[in-house]
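J.: Before I ask anything, let me first share the structure, which is written out below as structure tokens.
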Amino acid sequence: MSKLSIVIALYPGVTHLDFTGPHQVLSRAPNAQVSVASMGGRDIEAEGLTFTGLADLKGVMRCDVLLVPGGFGCTDAMLDEDFMGEIRRLGGQAKYLTSVCTGSLVLAAAGLLSGRRAACHWAWRDLLTPFGAIVSEARVERDGDIITGGGVTAGLDFAFTLLAELAGDDYAEGVQLGLEYAPAPPFQSGRPELARPEVLARVRALMAQSLEGRTQAAVGAAARLQAV
């Protein structure tokens, strides 16, 4: 029996927890091979950590699961035609198309989410709209063979959802127990509707510094997609 191929596609400026959390969970999937790939197999620096020994994304012939994590680098990734070409190629024939955080913007920019529901980080999810995707506020959204997670830490919930799909609930529950995934956050401020107003205002102000550039990138990527 051939192994289930799970490919995590990285790009410069990715958020490492977006993929290291899911990688930890999915690496325990039975009869699965998890590959982490970048363009040319180049090292990827992610917020102070450097990931090396990566596969060449162009050399990946196919995959059963394509996972695209998010990060501030997704703005440039959406406009990188070489990278986006590989996402279209692999995503177009994957059995499951998945993402965490703003990775859904990359999938959308590749033309893979038109008319489909998708989750994203709360601060950026409205940028799915120019691509014709349907914005979901869920922590994990499933629309057929498309499974997407919200921001960063939602990647763990996403990964267990995907693992249950691949190996069954009993197996996923066992992995959850083995990893002692029993979240008990010290603060109830993980979503906009839960955060104190002053905390939300401060974080929105920080996000606003990147909003214009990312919005322009999304609009530009959507225009290029329509021209194809």
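Derivation of every value follows stated rules applied to the coordinates shown; laboratory data play no part. Not measured: the values here are computed from a predicted model. Cβ placement follows ideal geometry from the backbone for every residue including glycine, while neighbour counts extend to all protein chains displayed.
J.: Testing the spin-label approximation: label points 7 Å from Cα along Cα→Cβ at A164 and D126. State their distance in nm.
T.: Here the answer is 3.2 nm between the modelled labels.
J.: Also, quick follow-up: Mind giving me the nanometre distance, one decimal, between the label points for A138 and F72, set 7 Å out from Cα along Cα→Cβ?
T.: Here the modelled spin labels are 3.1 nm apart.
J.: I would also like to ask the following. Would you mind putting 207-215, 68-76, 168-176 in packing order, based on average other-beta-carbon counts within 10 Å, highest first?
T.: Values: 207-215: 12.7, 68-76: 24.7, 168-176: 14.7.
So the order, starting with the most tightly packed, is 68-76, 168-176, 207-215.
J.: Which length gain, in nm to one decimal place, applies between E45 and T20 when the Cα-Cα distance is subtracted from 0.36 nm times their residue separation?
T.: Numbers: separation 25, 0.36 × 25 = 9.00 nm, distance 1.33 nm.
Once the chain is fully extended between E45 and T20, it gains 7.7 nm.
J.: So how much slack lies between V219 and E81, counting 0.36 nm per residue of separation and subtracting their Cα-Cα distance, in nm?
T.: Working: separation 138, 0.36 × 138 = 49.68 nm, distance 1.51 nm.
Going from the current span to full extension adds 48.2 nm.
J.: Which percent, nearest 5, of DSSP beta bridges in the chain are antiparallel? Intermediate results must be reported in sequence, preceding the final value.
T.: Details: 7 of 28 bridges.
Approximately 25 percent, going by the DSSP bridge assignments.
J.: What whole-number volume per residue, in cubic angstrom, does the convex hull of the C-alpha atoms of the stretch 85-228 give?
T.: Considering the Cα atoms of the stretch 85-228, their hull volume per residue is 117 Å³.
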